[in-house]
1. Would you be able to say whether some residue in segment B:37-54 is closer than 25 Å to B:ASP93 by Cβ, part of a loop (DSSP other than H, G, I, E, B) and polar (S, T, N, Q)?
2. Please verify whether segment B:75-88 includes one or more residues that are under 22 Å from A:PHE75 (Cα atoms), surrounded by fewer than 24 Cβ atoms within 10 Å (Cβ to Cβ) and within 13 Å of chain A (Cβ to nearest Cβ).
3. Of all residues in segment B:90-120, which are touching an Asp or Glu at 6+ places or on another chain (Cβ under 8 Å) and modelled with pLDDT of 95 or more?
4. Picking from A:LEU16, A:LEU57, A:LEU5, which residue would you name as being of a type outside the set (Lys, Arg), in contact with a Phe, Trp or Tyr (Cβ under 9 Å, 6 or more places away or on another chain), buried (at least 17 other Cβ atoms within 10 Å of the Cβ) and within 14 Å of chain B (Cβ to nearest Cβ)?
5. Quick one: in segment A:62-81, which of the residues that are under 10 Å from the mean Cα position of the chain (by Cα) and without any contact (Cβ under 8 Å) to a residue 40 or more places away in the chain is farthest from the other protein chains (Cβ to nearest Cβ)?
6. Can you run down the residue pairs with Cβ atoms below 6 Å, 6 or more apart or on separate chains, where the first is in segment A:43-61 and of a type in the set (Asp, Glu) and the partner is outside any loop (DSSP other than H, G, I, E, B)?
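The values are calculated or read from the model by the stated rules, or taken from the named source; none is laboratory data. Predicted, not measured: the structure shown is a model, and the values here were computed from it. Cβ atoms come from the backbone with ideal geometry, glycine included; neighbour counts cover every protein chain shown.
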Amino acid sequence: MLKILCVCGLGQGTSLILRMNVEQALGEKGITADVEHIDVSAASSMDADYIFTSNELAESLQGHTGKIIIVNNYFDMTEINEAIDNNIEQ
Amino acid sequence: MKFLERNLIALDVDVSSPEEAIRVAGGLLVSEELTEPRYVDAMLESYQKNGPYFVLAPQIAMPHARPEDGVKEASASFVRLQKPIAFGSEANDPVQLVFALGASSSDEHLLLMKQLVMLLNNPAHVEKLKQVTSYEEIQTLIGRNE
């Protein structure tokens with residue numbers, strides 16, 4: 001199964017919002033994935049196929065084996081859907 | 001859980017820095033005894049350490065810290081800034097709508113976040129939040145009857 005991390009600074013609020021919307025978008029596309037939300041330091045030592053995060057934190061995740069997908073507006077389902085379409089092979 | 005209740009909302013607050021905006025929004029959680037005062041310091045520390053990643057949509061900031069930083073109850077306050085302020089977010093500055101989140105480790109945290117997502121995923125709601133003039137209008141937006 002696809003493993004996806006949604007990453008923010010603390011792994012409490014921002015990343016949870018991103019996870020809710022990423023899960024919703026994936027569900028609508030019929031993509032099954034294990035999605036977790038987590039803070040940036042824990043994420044760097046976790047395996048994943050894809051990592052959703054903000055522009056600001058993407059730099060700290062450079063070198064991670066997962067492909068980094070940047071989302072600017074966490075409440076914009078259009079942007080999140082496009083990010084999935086452009087990055088995740090279906 | 002306390003989500004955008006009357007005493008957790010302040011409209012058109014005049015601040016001159018992101019730190020001041022975070023203090024005002026966090027201060028509402030403290031004065032309602034939903035978090036300890038040190039939670040506000042932790043929010044500011046996180047901003048210093050991790051940058052403005054919590055400016056998670058155009059004009060919207062959601063400062064928060066960790067449950068162990070002194071959260072008593074899952075909660076969210078809302079402060080609308082009189083003049084938008086730059087938080088340093090390349091994609092989403094300037095910020096006008098600030099939601100301070102009292103991040104609890106309880107199940108209520110998830111419920112509260114769902115309410116916030118339901119409110120803010122709708123661009124029409126976000127536009128209205130910039131224009132509302134009373135608590136009652138906000139209540140209508142979040143579909144709550146007192």
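1. Applying the first criterion (closer than 25 Å to B:ASP93 by Cβ) to segment B:37-54 yields B:39-54.
Among the residues that remain, those that are also part of a loop (DSSP other than H, G, I, E, B) are: B:51-54.
Retained after the next criterion (residues that are polar (S, T, N, Q)): none.
Within segment B:37-54 (the criterion being closer than 25 Å to B:ASP93 by Cβ, part of a loop (DSSP other than H, G, I, E, B) and polar (S, T, N, Q)), the answer is no, since none of the residues qualifies.
2. Looking for residues that are under 22 Å from A:PHE75 (Cα atoms), surrounded by fewer than 24 Cβ atoms within 10 Å (Cβ to Cβ) and within 13 Å of chain A (Cβ to nearest Cβ), one finds at least one in segment B:75-88, hence yes.
3. If the condition is that a residue be touching an Asp or Glu at 6+ places or on another chain (Cβ under 8 Å) and modelled with pLDDT of 95 or more, then B:GLY102 is the only one that fits.
4. On the way: A:LEU16 fails: in contact with a Phe, Trp or Tyr (Cβ under 9 Å, 6 or more places away or on another chain); A:LEU5 fails: within 14 Å of chain B (Cβ to nearest Cβ).
Only one candidate passes the filter, namely A:LEU57.
5. Top of the filtered list is A:LYS67.
6. From residues that are of a type in the set (Asp, Glu), the pairs are A:ASP49/A:LEU2; A:ASP49/A:LYS3.
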